[in-house]
Amino acid sequence: MTAATTPAPVPSQAAAWNGPVGTHWAMHHERYDAMLSGVDDALFEAAAIAAGDRVLDIGCGAGATTRIAARLAAHGHAVGVDISAPLLDRARANTASDGITNAAYERGDAQIHPFPAAGYDIAISRGGVMFFADHAAAFTNIARALRPGGRLAFVCPQPADRESEESRTLGHFAELLAELLAQDDGPDSNPADASFETASPETATPETASPEATPDAAAAARTAMASLSDPARIHKVLGAFEDVRVSPVPVETVWGESPADAVDFLLSRTPDRTLDERKRASLEEVFRPYATEHGVRMRAGVWLVTAVRPAA
Ligand SMILES: C[S@@+](CC[C@H](N)C(=O)[O-])C[C@H]1O[C@@H](n2cnc3c(N)ncnc32)[C@H](O)[C@@H]1O
């Protein structure tokens with residue numbers, strides 16, 4: 001299948017990332033960056049960017065990894081591509097204020113974006129490759145953008161796992177919040193919806209994130225977070241690559257400076273809901289065991305995926 005014949009992008013993803021989800025990520029870009037930066041060492045070690053490389057950052061968001069890539073490719077350049085206008089505005093502003101001159105940004109759906117053929121030495125992504133309508137077509141388009149022998153390195157979420165510290169804690173938070181909201185709303189409220197709205201997009205499970213149950217754009221984005229959690233599927237959709245490797249990487253995610261800050265952040269995703277001080281305090285207790293001098297930190301895991309565009 002060629003890029004020209006691939007299906008159109010899922011409208012709800014573009015809607016989410018140009019609407020409430022993208023706006024929230026742009027507004028809270030420093031916090032999301034802090035949350036995700038635990039994967040940077042593994043990602044950039046695997047990417048092994050050389051000074052002269054031309055780097056493509058897929059789903060670059062506010063451009064944190066594009067800026068790191070640009071610094072590493074001191075004599076080359078980095079290009080971030082993203083579907084979200086608000087996040088690209090943030091990326092351009094952050095890049096200018098950092099004085100980085102060898103990074104640029106393009107708006108587009110990486111599944112069908114007309115990248116220059118063989119225009120890059122390496123493609124990277126920190127959690128920006130899960131949202132395609134057709135993953136195999138998207139990775140074929142990305143492979144085409146790489147020179148023969150060019151490399152791919154990305155990280156994506158592992159399956160939500162109630163045994164993991166982060167999944168368990170966010171699940172507990174979502175359940176408690178749903179209970180507290182139900183107390184306000186009375187018997188007609190829908191705790192499942194409330195729980196979904198506050199479930200971490202990083203850890204949304206199929207049970208809490210059914211697209212049929214929650215058809216709005218934000219819900220679709222959260223569901224898509226888990227689209228590459230199965231290594232067998234990763235291998236399947238990377239058919240245009242060879243030497244595909246999927247390795248688990250343990251990470252610590254940072255959800256706030258303090259339990260109160262973590263609760264504020266999670267509640268900011270449902271701004272139409274308010275809770276009194278007593279209820280907020282009970283939510284803070286969920287995070288208390290993970291409060292450290294360096295913020296609320298929970299153990300989680302991601303997949304690190306590397307692959308190579310065949311040389312011939
Ligand atoms: C989970 S965020 C990660 C952002 C960024 N990589 C980071 O680490 O902060 C996912 C990003 O993928 C982008 N995205 C979603 N679908 C996309 C698509 N089809 N093409 C390009 N970018 C896309 C979103 O707009 C968003 O910026």
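What is the antiparallel percent of DSSP beta bridges lying wholly in the chain, to the nearest 5?
Values: 21 of 40 bridges.
Percentage antiparallel, nearest 5: 50.
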**Report entry** Descending Cα extents along the principal axes, the chain, whole Å
**Finding:** 62, 40, 33
Query raised in the report: Net charge near A26, counting Lys/Arg +1 and Asp/Glu -1 over other residues with Cβ under 14 Å of its Cβ?
Result: +1
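In what order do W303, W255 fall by count of nearby beta-carbon atoms within 10 Å, going from fewest to most?
W303, W255
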Query raised in the report: If we sort 150-162, 267-279 on the protection proxy, mean other Cβ atoms within 10 Å, highest first, what's the order?
Result: 150-162, 267-279
Query raised in the report: So what is the calculated 222 nm ellipticity per residue for the chain, using -39500 (n - 2.57) for each DSSP H run with n of 4 or more, over all residues, to the nearest 500 deg cm²/dmol?
Result: -12000 deg cm²/dmol
Requested in this report: Would you be so kind as to identify which of A103, L170, V251 lies farthest towards the positive end of the dipole of the chain, taking Lys and Arg as +1 and Asp and Glu as -1 on Cβ and the Cα centre as origin?
Outcome: A103
Report summary line: One checks the Cα atoms of region 1-110 and finds Rg and Dmax, in Å, of 14.3, 41
Report summary line: GNM of the chain, Cα pairs under 10 angstrom: of A174, A103, A232, the biggest fluctuation goes to A232
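With charges set only on the Cβ (+1 for Lys and Arg, -1 for Asp and Glu), what does the dipole of the chain come to about its Cα centre, in debye to the nearest 20? Present the calculation step by step, with values, prior to reporting the outcome.
Numbers: 26 positive and 42 negative charges, 263 e Å.
Using Cβ point charges on Lys, Arg, Asp and Glu, the chain gives about 1260 debye.
What's the local net charge at R92, with K and R +1, D and E -1, over the other residues with C-beta under 13 Å away? Let's see the in-between values first.
On the way: positive: R67, R90, R107; negative: D82, D89, D98, E106.
Local charge sum for R92: -1.
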Query raised in the report: Taking a spot 7 Å from the Cα of D41 along the direction of its beta carbon, which residues of region 238-272 have an amide N less than 15 Å from it?
Result: 249-254
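Read-outs throughout are calculated quantities, based only on the coordinates presented, and are distinct from any laboratory measurement. This structure is a prediction, so every number in the text was calculated from the model and none was measured. A quick note on method: Cβ atoms are made from the backbone with ideal geometry, for glycine too, and the neighbour counts reach across all protein chains shown.
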